[in-house]
């Protein structure tokens, strides 16, 4: 099975973005997905798309959650039960 690749869009100065990245770390280790962190600062297309909604966690074009890590949404998206 190939590794899933999630993307976390945010700003370097955003404390919520840092918090979501930190909250994802144990799930990344447990579930084995890759995480790319993208700073949208100075990227007009990304700023227009995500703006003040950051942090936004996606896989491809699918938005998983934004603002704070929604662990249930992450597990649901990756096909895991919350209790697993």
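Where a number appears in this text, it was derived from the coordinates with a stated rule and is not lab data. Keep in mind that what you see is a predicted model, and the values were worked out from it rather than measured. Ideal geometry is used to build each Cβ from the backbone, glycine not excepted, and the neighbour counts take in all protein chains shown.
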Practice task
Could you give log10 I(q)/I(0) at q = 0.12, 0.20, 0.22, 0.23 Å⁻¹ for the chain, computed by the Debye formula over C-alpha point scatterers of equal weight, without solvent?
Solution key: -0.32, -0.87, -1.04, -1.12
Handout entry: the chain: most fluctuating residue of 51, 32, 67 per GNM, C-alpha cutoff 10 Å
Key = 32
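Can you give the FRET efficiency for residue 68 and residue 47, using 1/(1 + (r/R0)^6), R0 = 25 Å, r = Cβ-Cβ distance, to the nearest 0.05?
Working: r = 21 Å, r/R0 = 0.82.
Plugging the Cβ-Cβ distance into 1/(1 + (r/R0)^6) gives 0.75.
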Problem - the stretch 1-36-the stretch 44-70 distance, computed between alpha-carbon centres (Å) - result: 12 Å
Completion exercise
Mean-square fluctuation maximum in Gaussian network of the chain, Cα pairs under 10 Å, restricted to 73, 19, 48, hits 48
Practice task
Please give, to one decimal in nm, the separation of the simple spin-label points placed at residue 35 and residue 19, each 7 Å out from Cα toward the Cβ.
Solution key: 1.5 nm
Problem - CD proxy at 222 nm, helix term only [per DSSP H run n ≥ 4: -39500 (n - 2.57); per residue of the chain; nearest 500] - result: -11500 deg cm²/dmol
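How high is the relative contact order of the chain? Use alpha-carbon pairs under 8 Å, at least six apart in sequence, and give a whole percent. Don't jump to the answer; show the numbers that get you there.
Values: 111 pairs, mean separation 27.9, N = 84.
So the answer I get is 33 percent.
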Handout entry: For the chain, built as a Gaussian network whose Cα springs stay under 10 Å, the top-fluctuating residue of 68, 30, 53
Key = 30
